[in-house]
Amino acid sequence: MTRILVVDDEPQILRALRINLRAHRYDVEVADSGTAALRAAASHPPDLVVLDLGLPDLDGVEVIQGLRGWTSAPIIVLSGRVGSHDKVAALDAGADDYVTKPFGVDELLARIRAVTRRHAAIPGEPGAPPAAATHRIGPHTVDLADHVVTRDDGTEVKLTPTQWAMLEMLLRHPGKLVSQRQLLHDVWGPEYHNETNYLRQYMAQLRRKLEDDPARPRHLITEPGMGYRYRP
């Protein structure tokens, strides 16, 4: 049974969607804030997320970014914001579709079926287990859902947004080579395809913060001339 996480701060919408989606044989979990949504997704990974942008604690785009740190589950934005800027920001952050309020339940169900079909058509996706939300790097636990790095003694390690973006790229593909070109394109943008010095500088910063011995890294590995690899 497909598990859907519905995130909205309007109780009547949560109730209506829970009733209608369950009537169509979906397993439904609800959350009324961004923080609750990220925690619910990490505890019970959803197959699909229906997300409002106007949440009381986090902007919906931040929730999308938090989810995209570790899961490729389809995200359908359900929002009263009709401006093109909001749509572009949500889609650029990783949303798969955008439905404006007010909406019809039949339309939403059709969108759910459509993104589910597209997602199932991606090679390797059907039946694949969800990506892990937490990873270990030396004495550190990296929580991609909440964007928190903690040492075993409980202290928090602060990362800059760029450090986070680079680390997430590697952790999303454990054991696999992530090319220099892909990292530069996805973290800095397509115009930075030759700036490999950026990669060296930021990888050195991450190792100083996360590795036991930055000079002899065990987890954040350089593949000379090719790219980088996260070794679990």
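Throughout, read-outs are computed from the coordinates displayed, never taken from laboratory work. Since we're looking at a predicted model, the values are computed, not measured. Quick reminder, even Gly has a Cβ in these numbers, built from the backbone with ideal geometry, and neighbours come from all protein chains shown.
Divide by every residue of the chain the summed helix terms, -39500 (n - 2.57) for each DSSP H run of at least 4, and state the resulting mean residue ellipticity at 222 nm, rounded to the nearest 500 deg cm²/dmol. After summing the helix terms and dividing by residue count, I get -11500 deg cm²/dmol.
Ranking Val61, Gly34, Ile4 by how far each Cα lies toward the positive end of the dipole of the chain (charges on Cβ) leaves Ile4 at the top.
Taking 0.36 nm per residue of separation and subtracting the Cα-Cα distance, full extension of the segment from Ala204 to Arg216 would add 3.2 nm. Candidate cross-link partners of Lys209 among the lysines, defined by an alpha-carbon separation under 26 Å and a same-chain spacing of 8 or more, comprise Lys158, Lys176.
Length gained on full extension, Met1 to Ser179, computed as 0.36 nm times the residue gap minus the Cα-Cα distance: 60.4 nm. Neighbours of Leu206 by Cβ distance under 14 Å: Lys/Arg scored +1, Asp/Glu scored -1, total +4. For segment 101-232, the alpha carbon positions stretch 57, 39, 30 Å along the principal axes, listed from largest to smallest. Averaging over all projection directions, the Cα-based convex hull of segment 29-116 occupies 5.3 nm² in the image plane. Taking 27 Å as the straight-line reach from the Cα of Lys87, the lysines in range (excluding those fewer than 8 positions away in the same chain) are Lys101.
A compact globular protein would have a Cα radius of gyration near 2.2 N^0.38 Å; the ratio found for the chain is 1.08.
Between Glu195 and Gln12, full extension at 0.36 nm per residue minus the direct alpha carbon distance yields a gain of 60.9 nm. A simple charge model with +1 on the Cβ of Lys and Arg, -1 on the Cβ of Asp and Glu and nothing else charged puts the dipole of segment 142-231 at about 320 debye relative to its Cα centre. For segment 1-110, the relative contact order is 24 percent, taking Cα pairs closer than 8 Å that sit 6 or more residues apart in sequence and dividing their mean separation by the residue count. Taken over the Cα atoms of segment 176-228, the convex hull encloses 76 Å³ per residue.
Counting Lys and Arg as +1 and Asp and Glu as -1 over every other residue whose Cβ lies under 15 Å from the Cβ of Asp146, the net charge comes to -2.
Taking the three principal axes of the alpha carbon atoms in segment 27-75, the coordinate ranges are 23, 20, 16 Å, sorted in descending order.
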